[in-house]
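First the structure, in the form of structure tokens, and then the observations on it.
The values are calculated or read from the model by the stated rules, or taken from the named source; none is laboratory data. All values derive from a computational prediction rather than experimental measurement. So basically every Cβ, Gly included, is an ideal-geometry build from the backbone, and we count neighbours across all protein chains shown. For the accessible areas, the whole protein counts, side chains as well, though only heavy atoms, and no ligand, DNA or RNA atoms are used. Shrake-Rupley method; radii C 1.70, N 1.55, O 1.52, S 1.80 Å.
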Amino acid sequence: MSLPNGGHHEDVIRAQVFEDYIQDYVDSWFTWARQNRLGVERVEDLILVSGCTLVTSWAAAAFVDDTMKAEISLTSRTLNNGVASFVWSNIQGRVLYHNSLLEQVGTPGYV
């Protein structure tokens, strides 16, 4: 993830409450995800989001298959309005990428 202009990050204050909640409900979440064919193969595939980062511009990339070599280059520059412009290049392998200016840069890429 690239945050060229910084941002404000917050996490939950009472993490123990979330840990207890996960222990109580993870089995039912896993069953529900499997029944709805959401691509969850293992319990470890479930992710509980417990925080957020507020930003004006962002870019993120995920390497889809860790058994293949993947590579990506990202350049950002800040525009006069404070928003960042991103240039994706040197993309090799299966990479899913998005950024905050999708309407100006085009559709998200999947190589």
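Quick notes on this structure:
- Comparison of Ala62, Ala70, Ala84 shows that the only residue that is farther than 25 Å from Gly6 by Cβ and modelled with pLDDT of 70 or more is Ala70.
- Within the range 9-23, the set of residues being within 16 Å of Val49 (Cβ to Cβ), open to solvent by 90 Å² or more (accessible area, probe 1.4 Å) and not in a loop (DSSP other than H, G, I, E, B) comprises His9, Glu10, Asp11, Glu19, Tyr21.
- Single residue of Val95, Val26, Val87 found to be touching a helix residue (DSSP H, G or I) at 6+ places or on another chain (Cβ under 8 Å), surrounded by 11 or more Cβ atoms within 10 Å (Cβ to Cβ) and of a type in the set (A, V, I, L, M, F, W, C): Val26
- Checked against (1) touching a residue at least 24 places away in the same chain (Cβ under 8 Å); (2) farther than 16 Å from Leu96 by Cβ; (3) among the aliphatic types (A, V, I, L, M), Ala60 passes all but condition (2).
- Within the range 33-41, the presence of at least one residue that is surrounded by 11 or more Cβ atoms within 10 Å (Cβ to Cβ), at negative phi, in a loop (DSSP other than H, G, I, E, B) and β-branched (Val, Ile, Thr) is confirmed.
- Which numbered condition Gly51 misses (of (1) modelled with pLDDT under 85; (2) of a type outside the set (Ser, Thr, Tyr); (3) surrounded by 14 or more Cβ atoms within 10 Å (Cβ to Cβ)): (3)
- The range 43-55 residues that are touching a residue at least 12 places away in the same chain (Cβ under 8 Å), paired with ones that are part of a loop (DSSP other than H, G, I, E, B) (beta carbon under 7 Å, 6 or more apart): Leu46/Val40; Ser50/Val12; Gly51/Val12; Thr53/Gly7; Leu54/Gly7; Val55/Leu3; Val55/Asn5; Val55/Gly7
- Selection count, the range 1-20, where residues are without any contact (Cβ under 8 Å) to a residue 24 or more places away in the chain and in contact with a Leu (Cβ under 9 Å, 6 or more places away or on another chain): 0
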